[in-house]
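Working notes, structure below.
The values are calculated or read from the model by the stated rules, or taken from the named source; none is laboratory data. Computed from a predicted model, the values in this text were never measured in an experiment. Every residue, glycine among them, receives a Cβ derived from its backbone with ideal geometry; neighbour counts consider all protein chains shown.
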Amino acid sequence: METGCHLSISDEAKDEREIGDFPYTSLVASLLYISIAVRPDIAFAVKELCRFMIRPGIAMVKAAKRVLRYVINTPKLGLMYHAHHRSILSGLWICTDDNPIVSFSDADFAGQIDDRRSTSGMMLLFNGTAISWWSRTIKTVACSTQDAEYMALSDTARETMFCRNLLGLLGFQLNTTPVYGDNNGSLALAANPGGEHQRSKHIDVRYHYVRQVQELKEVATLKVGTDWQLADFLTKALAFIQHQFLVLIAMGMNSGDE
């Protein structure tokens with residue numbers, strides 16, 4: 001999506017004839033299938049387009065056409081899986097036999113201008129390439145950036161645990177799995193619940209799951225710089241250069257060392 005683009009209810013069609021016979025629903029449904037299967041790079045844009053399936057306006061049609069043009073112009077962009085161990089982001093994380101997976105969690109606080117809900121993004125990599133991802137609206141309205149990031153972190157921990165359990169059934173012996181976030185407050189909240197008790201009482205109990213799995217040493221929440229946050233493009237529209245940099249790493253086409 002275009003950087004700074006925020007689709008709103010005010011952009012919805014006032015008249016059914018506004019977009020004519022443009023197949024908006026069919027186009028978005030097709031893009032949704034692609035984004036779930038092989039193209040995490042369009043997940044955020046498709047998530048935003050899916051919010052306006054009832055009365056899409058001109059702004060939504062323009063955004064959908066932009067995503068379609070992007071997909072058409074990048075036919076060779078896809079997930080590239082590797083049989084050998086890989087490192088990403090200049091050695092920030094290195095794949096090993098007992099540590100083949102890593103997760104990235106991010107959130108965009110109050111990014112939806114209609115209801116001020118936040119968007120969470122999750123990226124889970126196996127051997128340096130994405131195998132699971134999402135971009136979705138957090139149902140609970142967050143009161144701060146820390147809250148939004150903490151909610152995203154907990155949801156990411158659940159997805160990470162599902163993957164760990166699956167790999168365990170396949171015979172993998174896993175060490176602690178790193179889960180990277182870029183917000184100091186949410187990482188402190190996950191690591192030191194006692195010291196943040198008063199500031200976290202309003203957060204839904206289900207979002208404290210990340211504390212439990214961290215205490216059990218199943219996962220470890222770690223800090224990553226915003227510029228190297230692989231889940232960043234799942235929460236907002238980024239400038240082209242940064243979007244391309246993160247996408248190529250997440251899809252296994254670049255280690256980020258260059």
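Structure notes:
Matching residues to (1) over 21 Å from the mean Cα position of the chain (by Cα); (2) buried (at least 17 other Cβ atoms within 10 Å of the Cβ); (3) in the same structural domain as residue 35 (by TED's automatic domain parsing):
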position: 56; (1), (2), (3): yes, yes, yes
position: 62; (1), (2), (3): yes, no, yes
position: 65; (1), (2), (3): yes, no, yes
position: 68; (1), (2), (3): no, no, yes
position: 79; (1), (2), (3): no, no, no
position: 82; (1), (2), (3): yes, no, no
position: 92; (1), (2), (3): no, no, no
position: 95; (1), (2), (3): no, yes, no
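- All positions within region 41-84 that are in contact with a helix residue (DSSP H, G or I) (Cβ under 6 Å, 6 or more places away or on another chain) and not hydrophobic (A, V, I, L, M, F, W, C): 41, 56, 57
- Only residues that are hydrophobic (A, V, I, L, M, F, W, C), under 25 Å from residue 138 (Cα atoms) and in a helix (DSSP H, G or I) were counted across region 220-258, and they come to 6.
- Within region 205-236, tally of residues that are modelled with pLDDT of 95 or more and among the aliphatic types (A, V, I, L, M): 7
- Pairs where the first residue, in region 1-13, is free of Cβ contacts under 8 Å to residues at least 60 places away in the same chain and assigned by TED's automatic domain parsing to the domain that holds residue 24 and the second is in a helix (DSSP H, G or I) and of a type in the set (S, T, N, Q), C-beta under 7 Å, 6+ apart: none
- Among the residues of region 29-54, the ones that are assigned to a helix (DSSP H, G or I) and surrounded by fewer than 20 Cβ atoms within 10 Å (Cβ to Cβ) come to 9 in all.
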